[in-house]
Amino acid sequence: MRQMCALLALAVATVASGSLEPQSKANPSRLVGGEFIARTQQTAAGPMPYRLYIPRNYTPQRRYPLILWLHGGGGSGNDNARQIAGDQVPGTHTWTTPERQLDHPAFVLVPQTVGPLWVDAHTPELGPELAKVIRILDAVSAAFPTDPRRVYVLGQSIGGRGVWSLISNAPERFAAAIMLCPNSGDITRASRAAQLPIWIFQGDGDVLRVEGSRALVAALRAAGGRPRYTEYPHVGHDIWTRVFAEPGIVPWLFAQSR
């Protein structure tokens, strides 16, 4: 509880300081880091706002992991703020505390979609919003010293479904994936992501998604994968705080590499 209160305080300070500032166009080599900077990526399909956490005093001589977070419905919009606030705090700020960054310095990339979904459940391809995410990922990877062997993708709810679309279309881009109550949609591509380290979290009281998560795990295992699956009894859709308090989640994620 104390850790989560600290994360909430940090998130409020981040949004309060960043939401009134213009979109950052600073030279990456001049950025000190230690906060979520606000940016916008222009694409052929239109702009997409995003936040980028830059490790404090990072050096171009070192390669850093990159965590890509796809927000749930509570982060949807175009204000470039909601995706790192409210119920998105556990998924975004777990990685940015001073203590965590001391042990595991990493970039954290948080794009924002207007919604209502990152991708339609019946669309096997990425779709326009996730194509924008890939464009942002490419731009950030080109501008900053991120490690292409340690790109991790995480998401909750509609973001969990977005994660599944990304890893089932482009598994070679990622070293690991974490999905929270994903309602995964099309699982016929399970064989494409089966060899990727995956951890799925689900509450058994989340009646709209629990069967889908179980089916996804079964499909991955049938395709030769070894996904981790944690199902919380008597819990509904809101599992974010509990998931990111799991003692094993941080070391598991950072142990993965392509």
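Observations on the structure shown:
- Selection status of residue 174, modelled with pLDDT of 95 or more, surrounded by 15 or more Cβ atoms within 10 Å (Cβ to Cβ) and touching an Asp or Glu at 6+ places or on another chain (Cβ under 9 Å): no
- Inter-residue pairs, beta-carbon under 6 Å, first within 7 Å of residue 107 (Cβ to Cβ) and in region 48-59, second buried (at least 22 other Cβ atoms within 10 Å of the Cβ) and hydroxyl-bearing (Ser, Thr, Tyr), 6+ apart: 53/96
- Top-ranked residue of region 206-258 - restricted to ones that are of a type in the set (Gly, Ala, Ser) and assigned to a loop (DSSP other than H, G, I, E, B), ranked as nearest to residue 95 (Cα to Cα): 245
- Some residue of region 131-151 being touching a Gly at 6+ places or on another chain (Cβ under 7 Å) and buried (at least 16 other Cβ atoms within 10 Å of the Cβ): no
- Applying the criterion of being modelled with pLDDT under 95 and of a type in the set (A, V, I, L, M) to the residues of region 191-209, the residue that is farthest from residue 147 (Cα to Cα) is 207.
- Residue check, residue 177 without any contact (Cβ under 8 Å) to a residue 40 or more places away in the chain and more than 24 Å from residue 88 (Cα to Cα): no
- Selected residue (only one of 167, 239 is closer than 13 Å to residue 154 by Cα, within 20 Å of the chain's Cα centre (by Cα), surrounded by 14 or more Cβ atoms within 10 Å (Cβ to Cβ) and modelled with pLDDT of 95 or more): 167
- Selected residue (criterion: farthest from residue 50 (Cα to Cα)) from residues of region 78-102 that are in contact (Cβ under 8 Å) with a residue 24 or more places away in the chain and of a type in the set (D, E, K, R): 100
- Odd one out for residue 119, checked against (1) touching a helix residue (DSSP H, G or I) at 6+ places or on another chain (Cβ under 6 Å); (2) buried (at least 19 other Cβ atoms within 10 Å of the Cβ); (3) within 22 Å of residue 241 (Cβ to Cβ): (3)
- Residue check for residue 100: outside any loop (DSSP other than H, G, I, E, B), in contact with a strand residue (DSSP E or B) (Cβ under 7 Å, 6 or more places away or on another chain), of a type outside the set (Phe, Trp, Tyr) and surrounded by fewer than 22 Cβ atoms within 10 Å (Cβ to Cβ): no
- Count of residues meeting criterion [assigned to a loop (DSSP other than H, G, I, E, B) and crowded, with 23+ Cβ neighbours inside 10 Å] in region 56-79: 2
- Cβ-Cβ under 6 Å pairs, at least 6 apart or on other chains, region 150-174 side more than 14 Å from residue 132 (Cα to Cα) and of a type in the set (A, V, I, L, M), far side modelled with pLDDT of 95 or more and assigned to a strand (DSSP E or B): 151/66; 153/68; 153/177; 154/69; 154/178; 167/177
- The criterion of being touching a residue at least 24 places away in the same chain (Cβ under 8 Å) and not in a loop (DSSP other than H, G, I, E, B) does not hold for residue 184.
The values are calculated or read from the model by the stated rules, or taken from the named source; none is laboratory data. Since the structure is predicted, the reported quantities are computational estimates derived from the model, not experimental observations. Every residue, glycine among them, receives a Cβ derived from its backbone with ideal geometry; neighbour counts consider all protein chains shown.
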